[in-house]
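Working notes, structure below.
FYI, it's all coordinate maths here, none of it is from the lab. A quick note: this is a predicted structure, and the numbers were derived from the prediction, not measured. Note: ideal-geometry Cβ built from the backbone for every residue, glycine included; neighbour counts use all protein chains shown.
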Amino acid sequence: MADDRAHPPSPGAFHHHRNVSGGGFRAAIFGLSDGLVTNVSLILGVAGAHPSGPFVRLAGVAGLVAGAFSMAAGEFVSMRAQSELMLRELDVERAALRKWPKDERDELIEIYLGRGIGPSVAERLADEVMADPELALETHAREELGFDPRAIGSPVQASLSSFFSFALGALLPLIPWLVNSGNGAVVASVAIGAVTALAVGFLLGQLTGRSRWRSAMRQLVVAALAAAVTFAIGRAVGLGAGT
């Protein structure tokens, strides 16, 4: 007999997956991206109207604070509603497993059969699952409701992630206006916004396994388009108000 120790498991045999279903990761990424795009657009839009440095700083700080709290509140409310809905469905499924275990077993067998599993194997799998109440609840939640009851997500975690990541994204293009004003601050905000957009896109590509540079360029184009439009509108409004 061959010695199994001569053939150790390959590096991918026990690969690790990130937990991306809890809400915090998603909120942090979207918060950072939204904060950057929102505030760099706001700052350049206001600066396009040729106001003084203090006015741009005020607009930038207001956009940071209002946006961060708005993102956090919206994330908390949506995640809370989603988690409460999932918990309610779990309660319904738990009661059904307790009252009608045979019907739930038959339902699970039908699901397995529908996926191409043979009748005998489907029945054996269903019996194994139904023998453990917690496993039965988890399996029915996955197969019928389409979610993992262990990964419902935390509204507080998602809210805090969204708040701080949005604030960070919104702060970066504002930094030049905290120490300077005029065209120099405009150029610095554009440069910081471009570099940050590339970094966010590159990170997204790294985490999702997609093309990092394509993701980075896509993020840059989105941020640049939003900033250019608002700057042009601010310039047009500013010139119109001055005539």
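Computed over the stretch 25-234, relative contact order equals 41 percent, with contacts defined as Cα pairs under 8 Å that lie 6+ residues apart. Taking the alpha-carbon centroid of each part, what is the distance from the stretch 217-237 to the stretch 51-117 in angstrom? Taking the Cα centre of the stretch 51-117 as reference, the centre of the stretch 217-237 is 32 Å away. If R0 equals 45 Å, the separation of the Cβ atoms of Val187 and Arg80 corresponds to a calculated FRET efficiency of about 0.60.
Two numbers describe the Cα atoms of the chain: Rg and Dmax, which are 26.0, 92 Å. The slack between Lys102 and Val237, meaning 0.36 nm per residue of separation minus the straight C-alpha distance, is 41.6 nm.
Model label sites at Glu134 and Gln206, defined 7 Å from Cα along the beta-carbon direction, differ in position by 3.6 nm.
Taking Cβ atoms as reference points and 13 Å as the exclusive limit, the residues near Val156 contribute a net charge of 0, counting Lys and Arg as +1 and Asp and Glu as -1. Membrane-span-like helices of the chain, defined as complete DSSP H segments with a Cα extent of 18 Å or more along the helix axis and a mean Kyte hydropathy of at least -1.0, are identified as 24-47, 53-99, 101-114, 155-171, 183-208, 212-242. The helix-based estimate of mean residue ellipticity at 222 nm for the chain, built from -39,500 (n - 2.57) per DSSP H run of four or more residues and divided by its residue count, is -26000 deg cm²/dmol to the nearest 500.
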